[in-house]
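**Q** Just dropping this structure here.
The values are calculated or read from the model by the stated rules, or taken from the named source; none is laboratory data. The shown structure was predicted, so the numbers you read here are calculated from the model rather than taken from an experiment. Here the Cβ positions follow ideal geometry from the backbone for every residue, glycine too, while neighbour counts run over all protein chains shown.
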Amino acid sequence: MTDFGDFVHRAMKEQGLSLRALSRAVNYDAGYLSRVLSGKQRPSPLLAERLDAELGAEGALKALAETLTPDDRERVSGALDSPSRLDGATVVALADVLAAQRRLDDVMPATAMLPGVTAQWRQVKRLAREARGPHADALHTVAAEWVQFIGWLHAEARNDAQAVRWLTEAEDRADDVGDGALAAQAANFKGYLARQQGRPRAVVRWFLNAYNTPGAALLQRVGDAVQAAHGYALLDERDAARRLLDEAADLTTQAEGSEPPGTAYWLSPTFSRMGIGLALLALAEYADAAENLRTGLDGLPADQRGAEWAREYREALEQARAAV
C-alpha cells in the first residue's frame with residue numbers, strides 16, 4: 001500500500017538519476033536497491049534514510065517506508081482479500097499511509113504523486129464498498145479523506161476539470177460521514193484552484209463556502225477568511241476585504257492553542273500570514289504585505305518551504321518587495 005518503490009522511481013525520474021547512479025550515491029548494491037524498489041524486499045531503515053537524504057525528501061520517504069509494519073501489511077492484505085476481516089488496526093494503518101502521502105506531497109511534484117495515490121485509492125474504494133461491521137464507518141471517513149487528497153493533487157497539478165470532479169465527490173463523501181472539517185477543506189481547495197485560474201469571484205465564493213461550513217475548525221476558518229478577503233481585494237471591494245481580515249484576527253485569538261484537523265495539518269496562525277499578505281498585496285499595502293508574506297514563509301517547516309504550492313507566496317513576496 002505504501003508504494004515506496006514507485007515514489008522513489010518517480011523522484012529519480014524528476015532528478016534524472018539512474019538506478020546505478022543512485023546506488024552509488026547511497027552506497028548500496030544496485031541489485032539490492034532494485035529488489036527494494038520493485039517491492040521484493042523491504043527497505044532497511046538506513047537505506048530509507050539515505051534515499052531520503054539523496055532525493056531531498058526531507059524525511060518524507062523515510063516516514064513512508066516506516067508507515068506499515070509487516071503485521072500491518074498482512075492485516076491490510078487480509079482485509080483486501082476478505083473485507084469481512086476489517087478491524088480497527090487496519091483502518092488506522094490505512095489512515096497512516098494517507099498521512100505519509102500528504103507529507104510526501106510537500107516535497108514531491110503532484111504529477112509524481114498522482115499515479116501511486118490513485119492506484120492505492122482503487123484498493124481503498126473497493127474495501128470501503130464491501131466492508132461491513134463496526135469499523136466500516138471509520139473506513140468510510142478515511143476513504144473520503146483519500147478522495148479529497150486526490151482532488152488536491154489534481155488542483156496542484158492544474159488538472160482543473162479532474163480537480164473539481166474529485167473535490168465535489170469529496171464534499172459529498174464528507175457530508176455522508178458528517179465531517180464538517182473535511183467538507184470545508186474540499187471547498188477551500190476549490191478556492192485555491194479558482195485563485196490559480198484568476199477568477200476572483202469564484203475565489204470569494206468558494207472560500208466563503210468553506211468559511212461558513214458547519215463543523216469547520218477555527219484555524220480553517222481563519223485561513224478561509226483571509227483568502228476570501230484576498231478575492232474581495234482583487235475585485236476592489238475593499239470594505240468587504242477589511243471586514244474579513246478583521247474577522248480573521250478575532251478568530252486567530254479564539255484559536256490560540258487549538259489544533260488543526262489532520263486533513264489540514266499545516267494550518268497555524270503563522271501560516272495564515274501568507275494569506276493575509278496576498279490580501280494586502282491586492283490592496284496595494286506593499287510594506288505590510290511583504291512583512292506578512294515573509295513571516296509566513298519563514299515560519300514554514302523545512303519540508304514545506306520547497307513545496308509547489310509555496311511558490312505562489314514566494315513570488316508574491318518578490319512582487320511586494322519590488323513595489324515598496
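**Q** Would you check if there is a residue in segment 222-234 being part of a helix (DSSP H, G or I), within 23 Å of residue 147 (Cβ to Cβ) and out of contact with any Lys or Arg (no Cβ under 8 Å at 6 or more places or on another chain)?
**A** Yes: segment 222-234 contains one or more residues that are part of a helix (DSSP H, G or I), within 23 Å of residue 147 (Cβ to Cβ) and out of contact with any Lys or Arg (no Cβ under 8 Å at 6 or more places or on another chain).
**Q** Please state which one of 281, 293, 317, 297 is at pLDDT 95 or above and within 20 Å of residue 56 (Cα to Cα).
**A** When all the criteria are applied, what remains is 297.
**Q** Quick check: anything in segment 16-34 at pLDDT below 85 and either over 20 Å from residue 73 (Cβ atoms) or among the charged types (D, E, K, R) (or both)?
**A** Looking through segment 16-34, none of the residues is at pLDDT below 85 and either over 20 Å from residue 73 (Cβ atoms) or among the charged types (D, E, K, R) (or both).
**Q** Now for a separate question. Looking only at segment 34-48, which residues are hydrophobic (A, V, I, L, M, F, W, C) and either farther than 19 Å from residue 108 by Cβ or surrounded by fewer than 15 Cβ atoms within 10 Å (Cβ to Cβ) (or both)?
**A** Selection gives 46 alone.
**Q** Could you go through segment 175-193 and let me know if any residue there is among the polar types (S, T, N, Q) and either closer than 23 Å to residue 275 by Cα or touching a Cys at 6+ places or on another chain (Cβ under 6 Å) (or both).
**A** There is at least one residue in segment 175-193 that is among the polar types (S, T, N, Q) and either closer than 23 Å to residue 275 by Cα or touching a Cys at 6+ places or on another chain (Cβ under 6 Å) (or both).
**Q** Go through segment 61-85 and give me each residue that's in a loop (DSSP other than H, G, I, E, B) and in contact (Cβ under 8 Å) with a residue 40 or more places away in the chain.
**A** Of everything in segment 61-85, those that are in a loop (DSSP other than H, G, I, E, B) and in contact (Cβ under 8 Å) with a residue 40 or more places away in the chain turn out to be 67, 68.
**Q** Moving on. Just to be sure, is residue 100 buried (at least 17 other Cβ atoms within 10 Å of the Cβ), free of Cβ contacts under 8 Å to residues at least 40 places away in the same chain, among the small types (Gly, Ala, Ser) and part of a helix (DSSP H, G or I)?
**A** Taking the combined requirement at face value, the residue does not satisfy it.
**Q** Would you point out the residue of segment 8-29, among those that are in a loop (DSSP other than H, G, I, E, B) and exposed (fewer than 12 other Cβ atoms within 10 Å of the Cβ), that is farthest from the chain's Cα centre (by Cα)?
**A** 29
**Q** To continue, here is another question. Looking only at residues in segment 230-244 that are within 14 Å of residue 285 (Cα to Cα) and surrounded by 21 or more Cβ atoms within 10 Å (Cβ to Cβ), which one is nearest to the chain's Cα centre (by Cα)?
**A** That would be 230.
**Q** Same structure, new question: Which pairs do you get when a residue that is farther than 20 Å from residue 249 by Cα and modelled with pLDDT of 95 or more, found in segment 196-216, comes within reach of a residue that is hydrophobic (A, V, I, L, M, F, W, C) and surrounded by fewer than 16 Cβ atoms within 10 Å (Cβ to Cβ), reach meaning Cβ atoms under 8 angstrom, with the pair 6+ apart or on two chains?
**A** From segment 196-216, the pairs are 200/235; 201/235.
**Q** Kindly establish whether residue 42 is among the charged types (D, E, K, R) and either at pLDDT 85 or above or touching a Gly at 6+ places or on another chain (Cβ under 8 Å) (or both).
**A** No, not satisfied.
**Q** Quick check on my filter: what residues within segment 49-77 are farther than 15 Å from residue 97 by Cβ and surrounded by fewer than 16 Cβ atoms within 10 Å (Cβ to Cβ)?
**A** Selection gives 53, 56.
**Q** Now a separate question. Could you check residue 58 against (1) of a type in the set (D, E, K, R); (2) in a helix (DSSP H, G or I); (3) touching a residue at least 24 places away in the same chain (Cβ under 8 Å) and say which number it fails?
**A** The number of the failed condition is (2).
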